[in-house]
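The block underneath contains the structure these notes are about, expressed in structure tokens.
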Amino acid sequence: MPRRICRSSKISYRPDAKTAVCYADGRRITLGPWPDYPAPPSPDIVAAFNRIQAERAGILAPAHDPAAVTVAVMANGVFQWADVYFKDSPKEIHAINVALGKLVSLFGDMPANSLGSRHFDGVQNAFVAENRTRQGVNKVMGCLRRMLKRAVRLELLPVAVWQASLAVGGLCRGRTVAPESVRRMAVSDADVAKTLPFLPAPVAAMVSLQRFTGARPGEICRISMAEIERQSDQIWIYRPASHKCSWRGHERRILLGPRAIEVLTPWLRVDGKPLFQPRFACRHVEGARKSRKLGEYYPTSSYCHAIAKACLKAGIPRWSPNQLRKTRATEIRESFGLEASAALCGHSAEVNARHYSSPSYKLAVEAALATG
């Protein structure tokens, strides 16, 4: 059996044939003549080498017959790319499935290159018919446009189709039958206190910890000792390995003060696994199913669902974990200003003012009393 060729992947010179070669997957591939060696290789040789490397990396997709690429085939190609690119973001993958799924359900058998603005109008109207809010429809249509742009890059779609999707603008307030979304405000501490007795012990601790830190729900669900730095007895720093803006290269630091440390201390463990695990909730629950397979941490969906059930039992309006984040951001803004609130939430001051803290009513009252 011949010995497999194992050499580094680079442009090499073959003296006996005076050609440029490279080695890939145990094969020697001729790139072209190289008569003036040791002069640098010609542009044709470099282009041939780069093309081979791209094909090996799966970057260069084979050419597609435009007539054979249906909307379903195009969507499948984008799905495969999204599963790899957004592997750490289930929320983003779900949004892509919703956006492309509706397009496929309506026009799956059509040639993708025949899509036009009237078809995207139909998709938008279908989302409106589902009684989605105006903001929700605009968000999912924006996701669809981004995926169509990716399909153009993957050579699954002509650029004219993506440009046609841009002609379908977002829904305007007061000019559509789609309802407006209700902005959720900060939840009161009184409602949080009424909810805690009806929550499993780990979830109650997660709620209290999020109330004192203002962290995102996903950051609370996956917290572990491996990501916590104990600076002193009064202040710890939690640096989540993965967070919403990690792909931007941003560092996330969540400060744990004395009250947060007090909540966290009974749950500390040194094995590097998430601190709040569902099995701790079922340990002392009578009649709990022994055969149920439990994960190592609470998904954000389960965290939200547990709070919703507790609100129903407590007889209070339903609130979500993100409202705890608003409560903490508003509290810090009232006491220490907008910059401190933005630093706590891990956002710029502009983004924090727009999304995570309401206007300072306290300061407005003080100004009215002093000058009004």
Among the residues of segment 63-82, is there at least one that is loosely packed, with under 15 Cβ neighbours inside 10 Å, assigned to a loop (DSSP other than H, G, I, E, B), modelled with pLDDT under 85 and more than 20 Å from the chain's Cα centre (by Cα)? yes
Given the structure, is R146 over 20 Å from A82 (Cβ atoms), assigned to a helix (DSSP H, G or I), free of Cβ contacts under 8 Å to residues at least 12 places away in the same chain and not hydroxyl-bearing (S, T, Y)? no
When every residue in segment 233-252 that is surrounded by fewer than 16 Cβ atoms within 10 Å (Cβ to Cβ) and of a type in the set (D, E, K, R) is compared, the one modelled with the highest pLDDT is R239
Within segment 175-198, is even one residue at positive phi and in the same structural domain as I332 (by TED's automatic domain parsing)? no
Looking at R222 and the list (1) out of contact with any helix residue (DSSP H, G or I) (no Cβ under 9 Å at 6 or more places or on another chain); (2) loosely packed, with under 15 Cβ neighbours inside 10 Å; (3) not small (G, A, S), which single condition is not satisfied? (2)
Look through L344, L255, L324, L275 and report the one residue that is at pLDDT 85 or above, in a helix (DSSP H, G or I) and either outside the structural domain of G214 (by TED's automatic domain parsing) or among the hydrophobic types (A, V, I, L, M, F, W, C) (or both). L324
Subset tally (residues that are touching an Asp or Glu at 6+ places or on another chain (Cβ under 8 Å), basic (K, R) and closer than 18 Å to Q277 by Cα) for segment 190-241: 0
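The values are calculated or read from the model by the stated rules, or taken from the named source; none is laboratory data. Given the structure is predicted, the values throughout are model-derived calculations rather than measurements. Virtual Cβ from ideal backbone geometry, glycine too; neighbours counted across all protein chains shown.
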